[in-house]
1. Pick from ALA118, ALA61, ALA98, ALA55: which is away from the ligand (no atom under 16 Å from the Cβ), open to solvent by less than 20 Å² (accessible area, probe 1.4 Å), more than 25 Å from the chain's Cα centre (by Cα) and of a type in the set (A, V, I, L, M, F, W, C)?
2. Looking at LEU395, is it surrounded by 14 or more Cβ atoms within 10 Å (Cβ to Cβ) and over 30 Å from SER225 (Cβ atoms)?
3. Please go through region 108-162 and give me each residue that is assigned to a loop (DSSP other than H, G, I, E, B) and of a type in the set (A, V, I, L, M), ordered by number.
4. Just checking, does region 406-415 include any residue being open to solvent by less than 20 Å² (accessible area, probe 1.4 Å), without any contact (Cβ under 8 Å) to a residue 12 or more places away in the chain and assigned to a helix (DSSP H, G or I)?
5. Here are some conditions: (1) more than 16 Å from the ligand (Cβ to nearest atom); (2) out of contact with any strand residue (DSSP E or B) (no Cβ under 7 Å at 6 or more places or on another chain); (3) under 22 Å from ILE375 (Cα atoms); (4) not small (Gly, Ala, Ser). ASN87 meets all but one. Which one does it not meet?
6. Please work out which residue is surrounded by the fewest Cβ atoms within 10 Å (Cβ to Cβ), limiting yourself to region 346-368 and to residues that are without any contact (Cβ under 8 Å) to a residue 24 or more places away in the chain and over 23 Å from the mean Cα position of the chain (by Cα).
7. Which one is nearest to the chain's Cα centre (by Cα), of the residues in region 38-50 that are under 28 Å from MET456 (Cα atoms) and outside any loop (DSSP other than H, G, I, E, B)?
Amino acid sequence: MEGTVGSAALLPVTQTVEFDTALIRKLSQLGPRYTSYPTADRFNAEFGYRDYLQAVTGATARGNMHPLSLYIHIPFCESICYYCGCNKIVTKDRSKAANYLIYLKREIEMQGKLLAGANQVEQLHFGGGTPTYLSDAQMGELMQHLRRWFNFAPDAEGEYSIEVDPRTVTPERVHSLRRQGFNRISLGVQDFDAEVQKAVNRIQPESETVAIIDAARAAGFRSVSVDLIYGLPKQNLQTMEQTLEKVIAADPDRIAIYNYAHMPHLFKPQRRIAEADLPSAETKLDMLALCIKRLNDAGYIYIGMDHFAKPTDDLAIAQRQGRLHRNFQGYSTHVGADLVSCGVSAISAIGATYSQNVKTLDEYYEHIEQNELPIARGIKLNMDDLLRRIIIQMLMCNFELSIASIELAYPITFNSYFATELLKLRELEQSGLLTIDEEWITVTPKGRLLIRNICMVFDRYLASAQAAKADDGATQPLRYSKTI
Ligand code: SF4
């Protein structure tokens, strides 16, 4: 598919993004996804338990009912999906999960005591792995335990979400999850095509997935989200067209379309994918263009990165009102909440710090046995980090940046502090990705898909790493995925 899908002058109300093949081909490069700034690869082992305690003290000093986000990581899966790049443990031995829960509950208790009396959870997210690897009873007990140690905002105000693998739940279980307190659900679908499912070792009959979506709606979940992936083995425009048609017919509130990044040097399971089965870079772009067109036509709004939502969904409303936020779970509607994460490898963000838990079960259990939070590494943000974080955050969430608001909040003159960055932004302006005037940097509909490129201009660590690599004559870092 050559050229562009749609044109800025003719954009329908809901078409907030424009696909420009030539521009994407020219500018797509490896880069971070900015679920945090600085990115997690900048965390260091000098940051420890004491630094975390200090950050929590700062947060609790801000007074009662400070909004909190909670993230709970359940690392287990029953079988391996070959495309997977998550931190997970594939096992059919259920006793492993029972043992993990003993330690997870102790970590939750430690965190609850630390934040006692000064928190109100407005957001909860269960991710993995497969959170629904836990049995219904285990999940019920875990939710009760969370409520024992944290104050939760009422259901109507809080955003309580869970990632669900439709292969692991029944419609009855979905109703039970709603009763246990979840009000948002996100379903991993990836692709409905049988050949694609076989090639990635994830057989998931369409009828079962649709039954789970229907059950979520009947159970009263406020938002149903579906995750798809483009770029998987055996995928082509036809399979993508069919999958999109079925997904749109199922009518979810949000749809995420992730780019499959084939990085077998980093993720072992991907070595089981036959490279010959992967669609070409050209076909991948065509598939993305198709997704954008179909979703725009169906009335979904482009939120940013990989996310689309109905105009009535909270994400779209928050974006319109400038309240959208971005954290490790993607976009969220709760600005300013500290994030406390429990479980192996989970990342917390408290005040001006990030911290990450240890990555293996043995290390995790060992720390908890010693009554110590299992923090492995992290980072304290300095003023420059905070400034760049807010800029990246605003660009990613609102696609615009008020220069005056930055100068009001920070003791800088934007044009001189970011003189080098502005030169690079001018080049992107020439390419049509954004416009710059005295008061605003505004991302164009064409620039939205390449928002990571724009944010990378403000990433000081990336710039210094790239300069060092250029001195060495080395190529771009391989730990990041392509921006498109
Ligand atoms: S994609 Fe999800 S279900 Fe599949 S192995 Fe990875 S974490 Fe587990």
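The values are calculated or read from the model by the stated rules, or taken from the named source; none is laboratory data. All figures in this text were calculated on a predicted structure; none of them were measured in a lab. A quick note on method: Cβ atoms are made from the backbone with ideal geometry, for glycine too, and the neighbour counts reach across all protein chains shown. Heavy atoms of the whole protein, side chains included, go into the accessibility calculation; ligands, DNA and RNA do not. Shrake-Rupley method; radii C 1.70, N 1.55, O 1.52, S 1.80 Å.
1. ALA118
2. In short, no.
3. The answer is LEU115, ALA116, ALA118, LEU134, ALA153, ALA156.
4. yes
5. Tallying (1) more than 16 Å from the ligand (Cβ to nearest atom); (2) out of contact with any strand residue (DSSP E or B) (no Cβ under 7 Å at 6 or more places or on another chain); (3) under 22 Å from ILE375 (Cα atoms); (4) not small (Gly, Ala, Ser), ASN87 fails exactly one: (1).
6. It comes out as ASP362.
7. ALA40
For every residue, the table says whether it meets (1) within 16 Å of the ligand (Cβ to nearest atom); (2) touching a strand residue (DSSP E or B) at 6+ places or on another chain (Cβ under 8 Å); (3) in contact (Cβ under 8 Å) with a residue 60 or more places away in the chain; (4) of a type in the set (Val, Ile, Thr).
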residue	(1), (2), (3), (4)
VAL164	yes, yes, no, yes
ARG178	no, no, no, no
LYS198	yes, no, no, no
ALA250	no, yes, no, no
